[in-house]
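Following: one structure in structure tokens, then a few remarks.
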Amino acid sequence: MNELLWFVSRATGTASIVLLTAVLVLGALTAGRRSRALSQTVVVGLHRSLALGTSAFLLAHIGTAVLETYVSIDWISAFVPFTAGYRPLWVGLGTLAFDIVLAVVATSLLRHRLSRRAWKAVHLMAFALWPLALVHGYAMGTSNEPLLRLVPVACAVVGGLALTWRALARHADQERRQAILTQEWS
Amino acid sequence: MNLVELLDQSGLTGRGGAAFSTATKVRAAHEHRAALVVNACDGEIGAVKDAYVVEHHLAALVRGATLVGGRRVRYAAHRGSATEARLRAAGLDVLSAPARYVSSEETSLISLAQGGLARPMTKRQPFVMGGADSEGRRIRPTVVLNAETLWRVAQVVEHGPHWFRAQGLPKEPGPRLVGVGGAVSRPGVIATSAGIPLRDIVAAAEGDLDRSGPVIVGGLGGVLLSRAEAAAAPWSTEGLRPFGGRPGPGVVHVLDPDACPVVELARWFDHAAGESAGQCGPCMFGLPAIAADWRELAAGASPAPARQRLLRRTASVTGRGACRFPDGVAGLATSALRVLSDHLADHASGHCAAGQTSRSSHDRVLAH
Amino acid sequence: MTASSPTDRAAVRVDRVACTGHGVCASLLPGSIRLDEWGYPVVLTPAEGGVDDGDQARAAAVRLCPAMALYAGRPS
């Protein structure tokens, strides 16, 4: 049983990293050129659905990690970073990432009740959450299963490309807004 | 009789452009304990009457403002203007607005008053009851009234509603100020009222509508009238409605008969294109497009398609911004197309009637 | 907010400052919203050929706009 839990924990953890990266890429695609070929509706819809899916896998990952008794990770350390008995630093990074996920998901579900500023500030923390998750995933991968470590590396490359594209993408609306904002308005 | 009842009886409406019932606005302001921003910006192109009120009737203005806003009153004027200096010298709480066209718009002043930028805000509900901007920042209940309107409030309280109604028309009572400028010998503020012929108002500024060029009524947010139309029109809502115009902000600009009105309007539309607050897509892309379409018409190139494109774009930007700036420019462009259609035909065939200017000298002006 | 009567349809309104032209609304409300030449929504009135897309579609559009630029309200 314990071995099963450990296995499921690593599998769902790996899946979470892949899904999280997909969510990040989709989020990046909402910026930049409004390409008709790539429907914004599909991108936004997938971004939301996959985010919820990621959360489900993440909960399974954390739940099984806590429940299995092979390593010492209790419920507290699932929420409070760096308090686990087992590899507190690397597990802690994952916990920190999970805390940010909670904040992002909560503010997104309550989006229409919050000010746009508040929502945006928390949502931007996703840029911190993603690398934390990747480092956590890489560090937790054991040396006799090199494939597991390959996943966060591949995700880092793909996500990095998407973020680079987002940073470089020209968008007429954004450019015009920023150009006019440099004028005297106060 | 309380203030709101007095104002209701007098029939005073806003003198800033929207002509909304002042009684209704003041009632709402009191109900929500709203702060007041006095708009003394003269934001419309050619506007001078707010400055006039501040210069000649400041005490009455302050009385009117205090009746509406109590201790929560700020006086808005453009940065660096003589009006701003006068207000400061009088020890009043001044809201210094950047000298941008849309910065004197109602919601721009409200935003600025609360520490934001002087740019219009989306109005989901009137800001007299408070609200929020598009970022979610809370906006306290605030109302904006034009300087002349508040001066009239003090006058109604002092002289009574009957005195007020003795001038003007039953539906548009009371004295009004109009700023007349352009090709007139004595530009400035004319004291008048609704129903007075526009030709008399222009004559009071020593202009002559029998010998002038076309007339822009209401500034950049107004309409163009031909000389003949202006010479026959009364200064009133009914009188200006056939031309798509309104008394509005009280600005009349008479064009020079010897100058090309197409070139003059090109300057206005170019100016408009550069004055977008850059917040709403249809405005920040549509106004430069309209200005470009007008230049194309002025250059005589493909008049029918350019005309169609211009008409389509003016219809498109109308009602699709946070404020009425694009609507105003669209209205001016549509009216200019109508009034100047013969003149534009001349341009299309290579010459310009006004002053027999050759097309080549036009192109130089337009190209600058 | 009072409930809308059948003859007084609730519509979507656009916060033009927040709108950055993603176009999600136009694909979710094909009967009542089309995009202009720059990608910004035009809300069609019945007179302009606008067709009611239904409450569910409207609610989805309000929820899914990435800029949160859509809100419910009667057209002015």
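Below is a table of values for the structure above.
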read-out	value
Among (1) more than 30 Å from B:G281 (Cα to Cα); (2) buried (at least 17 other Cβ atoms within 10 Å of the Cβ), the one test that A:L26 misses	(1)
Qualifying positions in the range B:245-300 - within 14 Å of another protein chain (Cβ to nearest Cβ) and either in contact with a strand residue (DSSP E or B) (Cβ under 7 Å, 6 or more places away or on another chain) or hydroxyl-bearing (S, T, Y) (or both)	B:S276
Residues located in the range B:215-245, provided they are on the phi < 0 side of the Ramachandran plot and under 10 Å from the mean Cα position of the chain (by Cα)	B:V217, B:L220, B:G221, B:G222
Residues of the range C:12-48 that turn out to be touching a residue at least 60 places away in the same chain (Cβ under 8 Å) and surrounded by 21 or more Cβ atoms within 10 Å (Cβ to Cβ), as a count	1
Qualifying residues in the range B:113-133 (those that are part of a loop (DSSP other than H, G, I, E, B) and without any contact (Cβ under 8 Å) to a residue 24 or more places away in the chain) - the one surrounded by the fewest Cβ atoms within 10 Å (Cβ to Cβ)	B:G115
Listing of helices (runs of 4 or more DSSP H) fully contained in the range A:92-186 that carry 2 or more residues being over 17 Å from the mean Cα position of the chain (by Cα) and within 19 Å of A:T12 (Cα to Cα)	A:146-168
Any chance A:A106 is farther than 30 Å from B:P288 by Cα, free of Cβ contacts under 8 Å to residues at least 24 places away in the same chain and of a type outside the set (D, E, K, R)	yes
Residue among B:R165, B:R176, B:R140 that is buried (at least 20 other Cβ atoms within 10 Å of the Cβ), out of contact with any Leu (no Cβ under 6 Å at 6 or more places or on another chain) and away from chain A (no Cβ under 14 Å)	B:R176
Selection count where residues are among the aromatic types (F, W, Y), part of a loop (DSSP other than H, G, I, E, B) and modelled with pLDDT of 90 or more, scope the range A:77-91	1
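Here's the yes/no breakdown for (1) within 14 Å of another protein chain (Cβ to nearest Cβ); (2) touching a Ser or Thr at 6+ places or on another chain (Cβ under 9 Å):
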position: B:L58; (1), (2): no, no
position: B:A65; (1), (2): no, no
position: B:V73; (1), (2): no, yes
position: B:R79; (1), (2): yes, yes
position: B:D93; (1), (2): no, no
position: B:S104; (1), (2): yes, no
position: B:L109; (1), (2): yes, yes
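The values are calculated or read from the model by the stated rules, or taken from the named source; none is laboratory data. Small disclaimer: the values here were computed from a predicted structure and weren't measured. With ideal geometry, Cβ positions are generated from the backbone for all residues, glycine too; neighbour counts draw on all protein chains shown.
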